[in-house]
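Before any comments, here is the structure.
The values are calculated or read from the model by the stated rules, or taken from the named source; none is laboratory data. In this text, all values refer to a predicted model and were calculated from it rather than measured experimentally. Here the Cβ positions follow ideal geometry from the backbone for every residue, glycine too, while neighbour counts run over all protein chains shown. Calculation scope for accessible area: heavy atoms of the full protein, side chains included, ligands and nucleic acids excluded. Shrake-Rupley method; radii C 1.70, N 1.55, O 1.52, S 1.80 Å.
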Amino acid sequence: MMRWRRAGATFVAVLLGLGVMALGLWQIERRAWKHELIAAVDSRITASPVQAPGPDQWRSLSRQHDAYRHVTASGTYRHDQELLVQAVTERGGGFWVMTPLDQGSYRIWVNRGFVPSDKKAQASRAAGNPAGPVTVTGLLRITEPKGGFLRANDPAADRWFSRDIAAMSKARAVDRAAPYFIDADGKANMGGYPIGGLTVVSFNDHHMIYALTWFSLAALLFYFAWRLWTSPLRQDREGA
């Protein structure tokens, strides 16, 4: 009976070790994918700007293939539909100024940049709100639904923690909005606000640490299985 129990425990330890090793290999694959993504994003950011995608391209857009693409768009800002999203930047806390850019048959939300709390009121930065046609260059960002970390958007109270295009468009009655927004570049606005070009592009890359952790645990399980299988049972020693 003891031999069968030892064999069963050894089998379970080996099985767990194989499972944990598979997790380590998966982290290695994730690391390779992450490095490919970082390289792709770097190439998009530094590439010459292309025309922002129109309605015929919206269905094919994806976070993996289009996020942070360098784009440009021309139109007229709809300042009457402006919306503020809470932000924490290298300049401190404040708000992102989100404004629809009218394209005629559709609109593109533009993150025009950051304003501190004392510039929250649109009237306090009126000089930076152009009334005529403009051309915007920046990075394409995919919509951020629902809200920020542990903070849900509250459209009824006009409190926003993420750039949720669908919810923002509904709250401001923006018709036919593109499913993305543009983070405007650092081109200065009249009066100094909003301040563009503050997009932070970073990706967590801890996959090697996770992989080594899983491989170490797998090694311990295999060692435990080996000790179980090779160590003589007490009954064996007593009967010798």
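Points worth noting:
- Over the chain, Cα pairs under 8 Å with separation of 6+ residues give a relative contact order of 27 percent.
- Per residue Cα convex hull volume in Å³ - calculated over region 82-219: 145 Å³
- Anisotropy class of region 42-125 from Cα gyration tensor, a/c 1.5 cut: oblate
- For the chain, size of Cβ-based charge dipole, Lys and Arg +1, Asp and Glu -1, in debye: 680 debye
- The residues neighbouring residue 113, those whose beta-carbon lies less than 15 Å from its own, together hold a net charge of +4 under the Lys/Arg +1, Asp/Glu -1 convention.
- Proximal lysine pairs, the chain, alpha carbons under 23 Å, eight or more residues apart or interchain: 5
- 1.4 Å probe accessible area per residue over the chain, in Å²: 58 Å²
- Dividing the summed -39500 (n - 2.57) terms of all DSSP H runs of n ≥ 4 by the residue count of the chain sets its mean residue ellipticity at 222 nm at -12000 deg cm²/dmol.
- Accessible carbon and sulfur surface of the chain relative to its total accessible area, %, 1.4 Å: 59 percent
- Dividing the convex hull volume of the alpha carbon atoms of the chain by its residue count gives 177 Å³ per residue.
- For region 123-171, the C-alpha radius of gyration divided by 2.2 N^0.38 Å, with N the number of residues, is 1.45.
- Mean Cα-pair separation over length for region 35-158, i.e. relative contact order, pairs under 8 Å, 6 or more apart, %: 26 percent
- Against the chain, whose longest principal axis is taken from its Cα atoms, helix 2-46 shows a tilt of about 20°.
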